[in-house]
Amino acid sequence: MSKLSNILHDQDECIHFITLATKSHPSLDKLCEMYQEHGITVTILGMGDSRLQRWGHGFGVKLDLVQNHLEQLTKHNKNPLIVFTDAFDVLLVANIGSLHADLRERYNKMQSTVVFSAEKNCAPDKDREHEYPLISSLVSSPYKFLNSGTYMGPAKSILELIHSLPYNIQTDDQRYWTTLYLKHVNKLDNDGRLIMSLDTNASIFMCMHASEYDVTPVLPPSIKGENISNTSRFKRQRCIFYNNITKTYPLYLHFNGNKRPLNWFYKQWKQ
């Protein structure tokens with residue numbers, strides 16, 4: 001068993017959940033509420049930070065805050081598995097009581113160290129689509145292009161990537177992570193795992209932009225088509241969501257800044 005696999009079989013505390021917000025917001029409250037249903041207090045980075053002045057300017061602050069936080073976490077040779085999500089446009093929709101187990105199981109199946117969500121559109125630079133040919137020709141899923149709003153991986157591995165490419169406060173984090181991903185396409189780390197990959201099956205992260213109709217709300221007892229060895233894991237009647245294209249049940253829905261569908265999906269989860 002690799003060192004990484006050992007990490008993933010440790011206690012639940014070895015999964016560290018973080019988000020980033022410079023101010024309070026109703027959508028952040030929703031995300032925190034959803035984490036609390038799992039007994040988790042999500043770590044919020046950047047509260048009160050004035051460097052992120054307005055949308056589209058200062059996104060390098062996200063990289064800076066994540067880097068500083070991970071450097072503190074790893075200072076004493078700790079290497080927790082990090083789950084990062086944006087704060088104002090993400091819903092946690094995993095079934096109550098199974099988040100840690102589902103994250104470990106689905107992450108391990110990907111055979112990749114750092115996993116980013118994938119979306120239908122190549123943004124913000126559509127002209128970079130041609131840099132994805134090896135991926136696009138092999139993936140039948142419509143979700144082919146990196147989205148930096150949600151990702152996960154060991155803290156040290158994420159830090160190693162950030163240290164490998166300089167940035168400044170005005171750096172666009174989506175462009176930054178896209179550059180790193182395309183640089184590492186199909187490259188393996190010392191454990192034989194892909195250094196970076198995309199969740200093209202939306203098994204963990206689902207990008208909802210131009211994809212709202214790909215997802216259907218369902219109640220856990222009605223789940224079919226997925227191999228679930230212990231149905232007692234589905235303990236509470238909270239709505240979860242089925243991707244009709246990839247036949248998966250994503251754990252997170254990311255709405256790319258669009259609050260209207262986020263609120264509708266939140267209401268489905270809440271009722």
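Values in this text are rule-based calculations from the coordinates and carry no lab data. None of these values were measured; they are calculated from a predicted model. We place every Cβ from the backbone using ideal geometry, glycine too, and count neighbours over all the protein chains shown.
Here the 3J(HN,Hα) profile of the stretch 97-112, calculated from phi with Karplus coefficients 6.51, -1.76 and 1.60 at θ = phi - 60°, is x, 10, 4, 4, 5, 5, 4, 4, 4, 6, 5, 4, 5, 6, 6, 9 Hz, Gly and Pro shown as x.
Of all lysines in the structure, those lying under 19 Å Cα to Cα from K23, and not within fewer than 8 positions of it along the same chain, are K62, K259. With 0.36 nm allotted per residue and the present C-alpha distance subtracted, the S50-Q111 stretch has 18.1 nm of extension available. Put a dot 7 Å past the Cα of E71, heading toward its Cβ, do the same for N190, and the two dots end up 2.2 nm apart.
With R₀ set to 30 Å, the beta-carbon distance separating N263 from K126 gives a calculated FRET efficiency near 0.60. Per-residue Karplus couplings for the stretch 68-82, computed as 6.51 cos²θ - 1.76 cosθ + 1.60 with θ equal to phi - 60°, are listed in order as 4, 5, 5, 5, 5, 5, 9, 4, 9, 6, 8, 9, x, 6, 9 Hz, Gly and Pro entered as x. Positive end of the dipole of the stretch 51-106 (Cβ unit charges, origin at the Cα centre): among I82, V61, L99, the Cα lying farthest that way belongs to V61.
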